[in-house]
Each structure stands twice: as structure tokens, then as C-alpha cells.
Amino acid sequence: MKEEIINCYTKIQPYIRRTPIMESSHIENFLGNDLYFKCENFQRSGSFKARGATNAIMNLSEEQKKKGVVTHSSGNFAQALALAARNFGIECNIVMPFNAPNVKKNAVLMYGGKIVECAPTMEARERTCKQIIEETGAVFIHPSNEMNVIIGNSTLAMELLEDIPDLDALIVPVGGGGLLAGTILAAKAFGKESLEVYAGEPSEVNDAFRSLESGKIETNATINTIADGLRTNLGDVNFPIIKNGVKEIICVRENEIISAMRLIWQRMKIVVEPSSAVALAVLIKERPLFEGKKVGIILSGGNVDLNNLPFE
């Protein structure tokens, strides 16, 4: 897997950014850790999703590229796939829930993607994608449950571990599971043997947490969380990787997510979306668990609606 990740990185590197790692003495002093924030909010299209989307597009055959691609996404993968498709001159259809943030819809259109809106349920997303595939022959690319996407995502943690190889722990937000699975693969390939991977998840949509407990993929009855990028479910490709590689999935409440997001904005002076703040919220909530450890915090993206912030 190590060689596969390196080959992927070599291939996609011209189309992505090697994002910076930032530190904050204020947050470190507050929590008592050496913290390294991997800032994918500075990634092309505004999130880590550019990595997996680009790798998925580059692995299509020439015949598939002619037919175009389709995906469903609340926003970040939609933007990433639209940008990756534009880079290679491929038509891109995006199925988005009607309540997706306008800032993310506008970005998809800016990158040349074609939006088809649907009800905010997984059933509606999948049904609408199926209709587009039947009508156009477009190739479906899953936002998180496809190996090419997962391997592309793994290049994020690979970069972090190249720069900070002696990390004791990595904390990553989990929604659909593509970033968490990719982080686990990179941690095993590039981290020290004792490196542990933790995930954070909103309590309101804790399907991943419950999936680990039950041993099978669970779903959510509601999507009532400010972390709109984490409202999706795990899949049959990423779940086995997660089940065998994550140390623990820790749930955080809405007010804890907002407090962590505010702290990042105030003290680091960078724009992150609520889903990104979930990782720091985990560390704040479970301080004794990480005491004295060198911890990598993955800030997954910065696509936030500035007209709808959860704080003033």
C-alpha cells in the first residue's frame, strides 16, 4: 500500500496543493499538547476532497471520460469532482440535496459542474444518480466509498507524516468514511508503529460510532448537525478499513463543535467549516486521553457560508 500511495501522490501532485501544517501556541498551552494542524482548508476547491476526486478521474479509461461522471454530495466532493473534471475536460453531473449550503452550490457552478437537486436523503441521492446514469451513461464516482478516492485521500496524512514523522496520534472527522479510511492506510504505511488514529463525529449523526459497536453499517434517522459535511454514512469499501484501523470514534455535541470552530477562527485566524472543527472538539473533550502526546489534527476544509456562521 505504501508504494500505491506514493504512486498516487506522484500522479495527482500537479493538480493539488501540498497544504501547510500550522501550530498555535495558545491552543497548545490551553490543552497541554504539541499540536500540528494539517490545513486542508487551503486545498484546491477548499477541502481534502480534491485529492480523492483527482485520483478517481485520472483512473478512468478514455472511453469512460467521454461519457462524463456523476456523483452525489452535499458540497465538498461536488466542488472537488467538478474541478477535477474541468481539469481534464470531462462533463460532470452533481446531485446535491436542495438544502446544501449556497456557497457550495455556487462553487460547483463556478467549476463547471451541472447541478441536479434532490431531497436531503441518501435514497433520493442514489435514485437521482441512477436516473442520470441511465440517461447519459455517466460513470458514478462515490464521494467516500471507492478505493481510488480513499487512496487519493491518504496522501493528506502521508504529507503530514513526512513532515512530522513522530506523531503519537491523528484525529480526523468522519462522515462518509473516505478520509478516515485514507488516514488509516497512510498511518500504517508512513507512521511509527504506535501511531493511533482517532475519529470525531457529531453526536446527532453518530452512525460511524454505532457501526463500530454493532459491527455492521448503521444509518441515521436525522441529519440534524451543523457539520453538513458529516451527514453521510460509511460504505462497504471503507468500513472494513475503519473497523480494523481506528482506535476510537468519539462523539461531540453541537455546542462543542461550535466552540472548537470559534477557537480556530479566533486563535489561528483561519477559516474552517464546522466539519473541520470536529477533530479539535474531540481533543478538547477528551484532554486526558491525549495528554503529553504529539497530535496531528486534520482540518478537512474551509467551505463555509459566511452569511450563516454559528457565532458573531
Residue that is farthest from the chain's Cα centre (by Cα) [pool: residues in segment 1-24 that are crowded, with 17+ Cβ neighbours inside 10 Å and of a type outside the set (Val, Ile, Thr)]: 24
Would you call residue 101 open to solvent by 20 Å² or more (accessible area, probe 1.4 Å) and within 16 Å of residue 298 (Cβ to Cβ)? no
Helices (runs of 4 or more DSSP H) fully within segment 76-148 counting 3 or more residues that are at pLDDT below 90: 102-110, 122-136
Tell me whether segment 272-295 contains one or more residues that are in a strand (DSSP E or B) and at pLDDT 95 or above. yes
Which of the residues belonging to segment 185-210 are within 28 Å of residue 223 (Cα to Cα) and part of a loop (DSSP other than H, G, I, E, B)? 206
Here the residues within segment 195-216 that are over 19 Å from the mean Cα position of the chain (by Cα) and over 15 Å from residue 248 (Cβ atoms) are 214, 215, 216
Quick check on segment 251-270. Is at least one of its residues in contact with a His (Cβ under 9 Å, 6 or more places away or on another chain), closer than 25 Å to residue 51 by Cα and part of a helix (DSSP H, G or I)? yes
Residues of segment 62-98 satisfying the condition of being in contact (Cβ under 8 Å) with a residue 24 or more places away in the chain, surrounded by fewer than 17 Cβ atoms within 10 Å (Cβ to Cβ) and in contact with a strand residue (DSSP E or B) (Cβ under 7 Å, 6 or more places away or on another chain): 64, 67
Quick check: anything in segment 26-37 in contact with a Ser or Thr (Cβ under 6 Å, 6 or more places away or on another chain), outside any helix (DSSP H, G or I) and within 19 Å of residue 278 (Cβ to Cβ)? no
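The values are calculated or read from the model by the stated rules, or taken from the named source; none is laboratory data. Not measured: the values here are computed from a predicted model. Positions of Cβ are backbone-derived with ideal geometry, glycine not excepted, and every protein chain shown enters the neighbour counts. The accessibility values were calculated without ligands, DNA or RNA, using every heavy atom of the protein model including side chains. Shrake-Rupley method; radii C 1.70, N 1.55, O 1.52, S 1.80 Å.
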